[in-house]
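**Q** Quick one: structure below, then a few questions.
The values are calculated or read from the model by the stated rules, or taken from the named source; none is laboratory data. None of the values given here were measured: they were computed from a predicted structure. All Cβ positions, even for glycine, are placed from backbone atoms using ideal geometry, and neighbour counts span all protein chains on display.
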Amino acid sequence: MNLTVILTDASTFRVHKLGCIDAAKDLKAQRHGDTQAVEAATQNEVIDALWGDVIGNYDGAEADRVRRGCRAETVFVGCTKGLSQP
Ligand SMILES: [Zn+2]
């Protein structure tokens, strides 16, 4: 799925399907918002695309813990419900 990811002022991510009209509204709601295009088939692929630099600094159980933290900072909006979980 092709996605548009909004980076929010709180340094969290809001993930929309590409072309979703709500993505533009989400971006407008941010003072310093930014967008990133991601192509992924699963939510975990999105997490790795967005946070791979951070997660890559850890191994094993620690990496899993960090990934869960990153997941908590990433909102998958309803329009992405076609993405496989995890
Ligand atoms: Zn959306």
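**Q** Does region 23-47 hold any residues that are in contact with a helix residue (DSSP H, G or I) (Cβ under 7 Å, 6 or more places away or on another chain) and either within 20 Å of K81 (Cβ to Cβ) or of a type in the set (V, I, T) (or both), and which are they? Steps first, please.
**A** We begin by selecting, within region 23-47, every residue in contact with a helix residue (DSSP H, G or I) (Cβ under 7 Å, 6 or more places away or on another chain); these are 33, 35, 38, 40, 47.
Within region 23-47, T35, V38, A40, I47 qualify.
**Q** I'd like the full set of residues that are in contact (Cβ under 8 Å) with a residue 40 or more places away in the chain and among the acidic types (D, E), limited to region 52-86.
**A** Within region 52-86, the first condition is being in contact (Cβ under 8 Å) with a residue 40 or more places away in the chain, and the residues that meet it are 73-77, 79-80, 82-86.
Of everything in region 52-86, just one residue is in contact (Cβ under 8 Å) with a residue 40 or more places away in the chain and among the acidic types (D, E), namely E73.
**Q** Across region 6-18, which residue is nearest to A41 (Cα to Cα) among those that are touching a Lys or Arg at 6+ places or on another chain (Cβ under 7 Å) and crowded, with 18+ Cβ neighbours inside 10 Å?
**A** Filtering region 6-18 for residues that are touching a Lys or Arg at 6+ places or on another chain (Cβ under 7 Å) and crowded, with 18+ Cβ neighbours inside 10 Å, the one nearest to A41 (Cα to Cα) comes out as I6.
**Q** In addition: Would you point out the residue of region 19-38, among those that are surrounded by 14 or more Cβ atoms within 10 Å (Cβ to Cβ) and part of a loop (DSSP other than H, G, I, E, B), that is nearest to the ligand (Cβ to nearest atom)?
**A** C20
**Q** If I filter region 48-86 down to residues being touching a strand residue (DSSP E or B) at 6+ places or on another chain (Cβ under 6 Å) and hydroxyl-bearing (S, T, Y), which single residue comes out as modelled with the lowest pLDDT?
**A** S84
**Q** Moving on. Could you please tell me which pairs satisfy a Cβ distance under 8 Å, a separation of 6+ or placement on different chains, a first residue in region 11-22 that is without any contact (Cβ under 8 Å) to a residue 40 or more places away in the chain, and a second residue that is exposed (fewer than 14 other Cβ atoms within 10 Å of the Cβ)?
**A** Here the result reads L18/N2; L18/A37, each pair linking region 11-22 to a residue that is exposed (fewer than 14 other Cβ atoms within 10 Å of the Cβ).
**Q** All but one of (1) in contact with a Ser or Thr (Cβ under 7 Å, 6 or more places away or on another chain); (2) modelled with pLDDT under 95 hold for A37; which doesn't?
**A** Unmet condition: (2).
**Q** Suppose we keep only residues that are within 24 Å of G19 (Cβ to Cβ) and loosely packed, with under 12 Cβ neighbours inside 10 Å within region 46-85. Which one would you say is nearest to the ligand (Cβ to nearest atom)?
**A** G78
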